[in-house]
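Everything below concerns the one structure shown next.
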Amino acid sequence: MNVQLTELALLELKACPFHIVMPTPVQTAPVSVRSTGASEALQQNTAALSALANATMVIDLTCEGLLHSTELPTILKGGARVLMISNEHPEALERLRPAEDLKPRVRDAVKQAKAAHKMTVTSDAGSDLVIDISDCPVAGVWGWTDRPGTVTHWPGGIVVMFPGRNAVNGRLVMKPGDINLTFKRYIETPITLGIENDYVTEVKGDGLDAQLMREYYAAWDDPDAYGVSHVGWGLNPNARHEALTMYDKHDINGTELRALAGNFLFSTGANEFANRFTSGHFDLPMIGCTVALDGVPVVESGQLVGAESSE
């Protein structure tokens with residue numbers, strides 16, 4: 001449906017859209033692959049890549065998205081602007097359409113993150129995480145792009161950092177109401193993640209949530225699946241915490257929960273900046289956390305504070 005809606009929107013804008021349709025590649029992973037943001041649909045097809053790189057704008061409607069795909073740099077190098085429309089229900093996209101006031105909010109958060117050396121994450125549930133973010137890459141997304149050779153995604157409203165090697169240590173305690181977006185479900189029983197030098201070393205918990213997470217990690221048989229991918233926080237005031245309850249799993253990708261204002265987003269899996277590559281990926285938005293940069297809170301008990309929360 002989103003393909004047809006996008007075509008109609010582009011025609012209304014007097015654009016001249018054309019479609020590139022790629023077959024789904026053969027499944028080679030030991031388990032279902034979700035939440036990677038690294039679609040393999042293009043399969044290094046040079047004809048398709050040439051067409052995309054020479055387009056003025058690319059609307060990405062692949063299921064997983066091209067955001068972390070190996071082909072994206074080639075497309076951007078050609079000067080195309082890439083808008084990844086997340087595989088969401090049209091109603092969610094309509095509620096979260098790009099808003100002009102998100103751009104300064106996200107840019108301010110990016111500026112704060114780039115200036116900081118240390119991020120700490122604490123919570124009443126028992127989280128106590130320390131992350132060295134000195135000189136690490138920082139990305140902010142507000143939902144549109146007007147510069148050639150750049151990429152964004154819709155829904156927007158998020159800032160993320162990609163820590164370097166040996167940068168993440170501590171403990172994260174997930175509680176009921178937190179979200180496992182790889183499984184597209186709310187956490188119902190506590191999970192404690194022990195993290196040492198970037199890697200999840202233990203997944204503690206007696207409930208089904210911890211059991212499923214342990215099983216999915218183990219299925220990859222890949223140490224890098226346990227490594228930290230990225231960390232950040234959400235900035236979109238229109239995103240709703242209860243959104244997952246409103247849709248069937250095949251109707252959404254969960255980007256709304258990644259952008260939820262005040263959530264701490266913790267992700268494991270591929271991190272090219274730390275030289276880790278894997279298809280195993282968890283995106284874990286957590287509510288009620290306090291996130292501080294060099295001791296200054298930017299999120300306090302799940303609520304945005306400071307310049308990035310201003311209207």
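Each value in this text was obtained by applying a stated rule to the coordinates, not by laboratory testing. Note that the coordinates shown come from a computational prediction; the quantities given were computed from them, not determined experimentally. Cβ atoms come from the backbone with ideal geometry, glycine included; neighbour counts cover every protein chain shown.
Scoring 10-20, 117-127 by mean Cβ neighbours within 10 Å over their residues and listing the highest first yields 117-127, 10-20. Amide hydrogen proximity for M84: with H placed 1.01 Å from N in the peptide plane, the residues at 5 or more positions away or on another chain lying under 5 Å are D60, T152, H153, W154. Measuring spread by the Cα atoms of the chain yields a radius of gyration and Dmax of 18.7, 56 Å. Taking the square roots of five times each eigenvalue of the Cα gyration tensor of the range 75-213, the equivalent ellipsoid has semi-axes of 30, 21, 14 Å, listed largest first. When the charge dipole of the range 167-230 is built from unit charges on Cβ atoms (+1 for Lys and Arg, -1 for Asp and Glu) and taken about the Cα centre, the candidate among G170, Y216, T189 whose Cα reaches farthest toward its positive end is T189. Over the range 156-280, the hull volume per residue, using the convex hull of the C-alpha atoms, is 107 Å³.
Candidates T24, T56, L83 compared by Cα position along the dipole of the range 2-94: farthest toward the positive end lies T56, with charges placed on Cβ.
Only Lys, Arg, Asp and Glu carry charge here, each on its Cβ (+1 for the first two, -1 for the last two); on that basis the chain has a dipole of about 580 debye about its Cα centre. When each of the peptides 31-38, 183-190 is scored by how many other beta carbons lie within 10 Å of its residues on average, the order from highest to lowest is 31-38, 183-190.
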